[in-house]
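The values are calculated or read from the model by the stated rules, or taken from the named source; none is laboratory data. This is a predicted model, so every value here is computed, not measured. Note: ideal-geometry Cβ built from the backbone for every residue, glycine included; neighbour counts use all protein chains shown.
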């Protein structure tokens, strides 16, 4: 799952941040490794003589320890099931961890597209497998057709007709783009929040950005039919204890004004490049992780948006009713 790589990436950056020389070497390794990777993919000119002389040292003292942390003999690391932040995937391929992203769904057999070692663009989920056709609806929904597509759901003809059309295209529910034969997943149709102001927000993009903070493990963005966005966040226990001590608040009271204000500022910093309507205006913080057993997560560890909104209905109403611009 992408979350494993995100956590590893955050840990590497955090370790380097406290040591200026280590941070500098990591940055150099990242930049030069990416240039070498892009050259290997025939998308860029190979690095020059000086870079080639420097690389063996960077590889030995910076890249190799990271590779060793993944076992040292890793041939390929496949990831899917959720979106992988581009910066995370790009970092790992730059230092030599061969991450390959792909896309699929059970109803399609299941793999639809994938990158490969020889043809790898970390920002995408690759190209269709042989025999698989992909297309987009007028709404930008990804459609898939192949001999592996299911014949239907067990004893559910209504859902089958809704999912598989008369031309045997599966309607995936995913919003996507196709560029030069490559597939780029942008989110779910049911994750596009239409604000009452008329603007739309891709909840998946914002949630992924918020989860990049080591303090937050899980997040639900809310805003459908509302004037602005709010979020319910599950805190990382260890990171929260450290922050609570640092800012002088009771770790058992995550929704104290000081804690909420601090975390809102952190979220705002992460979303600084997003438009005004995509900013989070209020948050509710929780200690209790969401699990498959609690009914709030799918088996692929995606938040069940509708169920989570029901569980936190009162808290969400309070976030809006307590905001001066609501009503």
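Quick notes on this one:
- Taking strands (runs of 3 or more DSSP E) as the structural unit, those lying wholly within segment 123-206 and holding at least 1 residues that are modelled with pLDDT of 95 or more and at negative phi correspond to 133-136, 141-145, 170-179, 182-188.
- Qualifying residue in segment 63-75 (condition: part of a loop (DSSP other than H, G, I, E, B), closer than 18 Å to residue 124 by Cβ and either touching a helix residue (DSSP H, G or I) at 6+ places or on another chain (Cβ under 7 Å) or at pLDDT below 90 (or both)): no
Residue by residue, here is whether (1) crowded, with 19+ Cβ neighbours inside 10 Å; (2) farther than 30 Å from residue 173 by Cβ; (3) assigned by TED's automatic domain parsing to the domain that holds residue 184 holds:
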{"residue": "19", "(1), (2), (3)": "no, yes, no"}
{"residue": "41", "(1), (2), (3)": "no, yes, no"}
{"residue": "78", "(1), (2), (3)": "no, no, no"}
{"residue": "118", "(1), (2), (3)": "no, yes, yes"}
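- Residue 102 in a strand (DSSP E or B) and either touching a strand residue (DSSP E or B) at 6+ places or on another chain (Cβ under 7 Å) or not assigned by TED's automatic domain parsing to the domain that holds residue 160 (or both): yes
- Close Cβ contacts (under 8 Å, 6 or more residues apart or on different chains) running from residues in segment 129-143 that are farther than 14 Å from residue 167 by Cβ to residues that are part of a loop (DSSP other than H, G, I, E, B) comprise 129/146; 131/146; 131/147; 131/148; 132/146; 132/148.
- Any chance residue 216 is surrounded by 19 or more Cβ atoms within 10 Å (Cβ to Cβ) and out of contact with any strand residue (DSSP E or B) (no Cβ under 6 Å at 6 or more places or on another chain): no
- Total residues in segment 266-287, condition loosely packed, with under 13 Cβ neighbours inside 10 Å and under 27 Å from residue 225 (Cβ atoms): 4
- Selected residue (only one of 89, 51 is outside any loop (DSSP other than H, G, I, E, B), in contact (Cβ under 8 Å) with a residue 12 or more places away in the chain, under 23 Å from residue 26 (Cβ atoms) and in contact with a strand residue (DSSP E or B) (Cβ under 6 Å, 6 or more places away or on another chain)): 89
Yes or no, residue by residue, for (1) over 30 Å from residue 300 (Cβ atoms); (2) under 25 Å from the mean Cα position of the chain (by Cα); (3) surrounded by 14 or more Cβ atoms within 10 Å (Cβ to Cβ); (4) without any contact (Cβ under 8 Å) to a residue 12 or more places away in the chain:
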{"residue": "29", "(1), (2), (3), (4)": "yes, yes, yes, no"}
{"residue": "35", "(1), (2), (3), (4)": "yes, yes, yes, no"}
{"residue": "47", "(1), (2), (3), (4)": "yes, no, yes, no"}
{"residue": "83", "(1), (2), (3), (4)": "no, yes, yes, no"}
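- Hey, residue 246 modelled with pLDDT of 90 or more and farther than 23 Å from residue 4 by Cα or not: yes
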